[in-house]
Every structure is written in structure tokens, then in C-alpha cells.
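Notes for the one structure printed next.
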Amino acid sequence: MNPDVTAPRPGPSPAQAARAAAALLVVGTGWGAATVAVKVAVSTGHDVGGLMFWHFALFCLFLGAAQAIRRRPMPLHPRALGFYVGVAALGNFLPALSEFHGARHLPAGVLGLVVAMTPIFALLLALLFRVERPELRRLAGVGLGALAIVLLLGPEAALPDPDAWPWVVVLLATPICYAAEGLFVALLMPRDMDPVSALLGASLCGLAVLAPWVALTPGAWVPLPGPFGPAEQAMVAGAALSCLCYLGYLRMNRAFGPVYASLISYLVTLSAVLWSVVLLGERHSGWLWAALAAMIAG
């Protein structure tokens, strides 16, 4: 356990607060664009397992090249290997499993609303493990962020079937896993590991699991290289952006704490909607602007 993150963090200086806000804005905006790119890739009918396989494969390619250029060996001691598995499980497989099952029974508005609750669970976990101090200002900031998501998705958030509420409970595993991943990284990331090594190790774990899935599932394979149309271009672009933004998220987690880093889920949701307007020509109501105001205040 890293001793520098187990004690409550002191309040940031103005310069630190400015750097933290800038990092949150840049990473959140980029990750929102990656979400739109992945949406384009999925909308063409490619199998989700095949897309996830190439997502991890491209991560390994990008990060492996960065690791080779830096000539920095990856930590391979038992604690590092356990950390790679933990990040892969909490940040990828378990949330995806929950989300895929929930998506079969719930509208998209409910999916976005529930996933955006990650900072709420991150704060609760951080308070439980005494990583953050229970200050009213922090609670209010998280609450305003949650209000932004409610304003954005509220008009669409009613369940079409009241009997579908158990699937909301199932879907709650997604933000809980994301929140747990943030705390896991903050508390257990080995001192001899940096974000590039951490994400490369987790990506290799993901690739090792997905390779047999794609090989044994009929129709799961996505031919790449092959016809390189908009879907394939979006897949590569989305993987590159996600890789860069995930590295930024891990750095933010270590520098500013898991609760602050988890606030990125609000910006990813909001920026994804804005990017969909710019790149896909979608149009949204005044609820978007009210949500944006609440997000800025948060």
C-alpha cells in the first residue's frame, strides 16, 4: 500500500487546482471523442468481442512501442502481476459484463445516468478508506455533477417497464467497479510502476482473455487489416484516444486522488454529447445547456 495516498489529502493550492482542472478538461474531452468514435465502429454491425479484441491489441501496440522507446522494463514481480489483473478486471471485464446485460433491458438514458454515478461511489469508497476528507464542498461538487447528468438524461430516464428495476441494480455494478478501480490504483499501484507499464500490463491481460473468445465464437472476428472504411478508421482512432486518455486518468488518479479523477465520468458524458453534435450532426434540447451549467458549477 502506498503510504502517500492513505492519509487524507490537504487542500490544493491555486496552481494545483488549475492544473487539476485543466487535466480533467483535456482528458474528459478527449475521452468523450473516443466514445463517439467507438459508437461509429459498433453501429456498423461488428461483433463487440471482436472490437474489444482489436481495442486491446491496439493498446498493446501503442503502449508497447512507448515502452520500447523509453527502454524501461515492465515490473513482473507478483505484486505487479496482481495489479495488472486487478486493473483489467475492475476497469474492463466486470463493467462491460454488467453494462451489456443492463443494455438489453434498459433505455440508453438510464445506462448513461447510472454509469455517471461513478464519482458518488468513488467518494463513498474513499471516505470509507480515509483517502479523502468528508468536506461539505467536495460533497456539493459531486452532487452538482450528478445534477448535470440528471438534467441531461432526466427526460429520458423513466423506465419503460417498472418490472425492469432489477436490471438497474445489475447495472450499478458498472460504476461501482469503476470507482473501485480508481481506489485500487490509488492505493495499490506499485512504486516501481508508472501509468504506461500499468496500462500495458492490463491490456495484455485483456488480450489474453479475448483471444480465445474471438477464436471460438463464430462471427466474432473483425478483419483488420482489411477493408478500411469509416468503422475501421473510427475503431483505430477511438483506441488511440482511449489509450492516451486512460494514461491521463491514471496520472490524475495518482496526482489528485481517486475521487477527483472519477469526476471525469461527468465530462466524458457531456463532451460525448457535444462531440456527437459536431461530428455526427445530432441535435439536443435545452436540457444539455442546463446540464453544462451545472457541470461548470460542480
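The values are calculated or read from the model by the stated rules, or taken from the named source; none is laboratory data. The structure displayed is predicted, hence computed values, not measured ones. Cβ atoms come from the backbone with ideal geometry, glycine included; neighbour counts cover every protein chain shown. When the accessible area is computed, the model is the full protein with side chains, heavy atoms only, and any ligands, DNA or RNA have been set aside. Shrake-Rupley method; radii C 1.70, N 1.55, O 1.52, S 1.80 Å.
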R0 = 25 Å: FRET efficiency of ALA21 with LEU280, Cβ-based, nearest 0.05?
-> 0.35
Going by accessible area, probe 1.4 Å, with all protein chains left in place, what is the ranking of ARG19, ARG254, ARG138, largest first?
-> ARG19, ARG254, ARG138
When all protein chains stay in place, what accessible area (Å², nearest 10, 1.4 Å probe) is found for TRP221?
-> 130 Å²
Using a 1.4 Å probe and ignoring any ligands, DNA or RNA, find the accessible area of LEU94 and quote it in Å² to the nearest 10.
-> 80 Å²
When only the heavy atoms of the protein chains count and the probe is 1.4 Å, how do LEU144, LEU123 rank by accessible area, highest first?
-> LEU144, LEU123
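By per-residue mean of other Cβ atoms within 10 Å, what is the highest-first order of 69-80, 124-135, 178-189, 20-31? All intermediate terms of the calculation are to be shown ahead of the outcome.
Values: 69-80: 11.8, 124-135: 16.1, 178-189: 22.8, 20-31: 18.2.
In decreasing order of mean packing, 69-80, 124-135, 178-189, 20-31 become 178-189, 20-31, 124-135, 69-80.
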So what's segment 30-81 giving for Rg/Rh, alpha carbon basis, Kirkwood Rh from the mean inverse pair distance?
-> 1.13
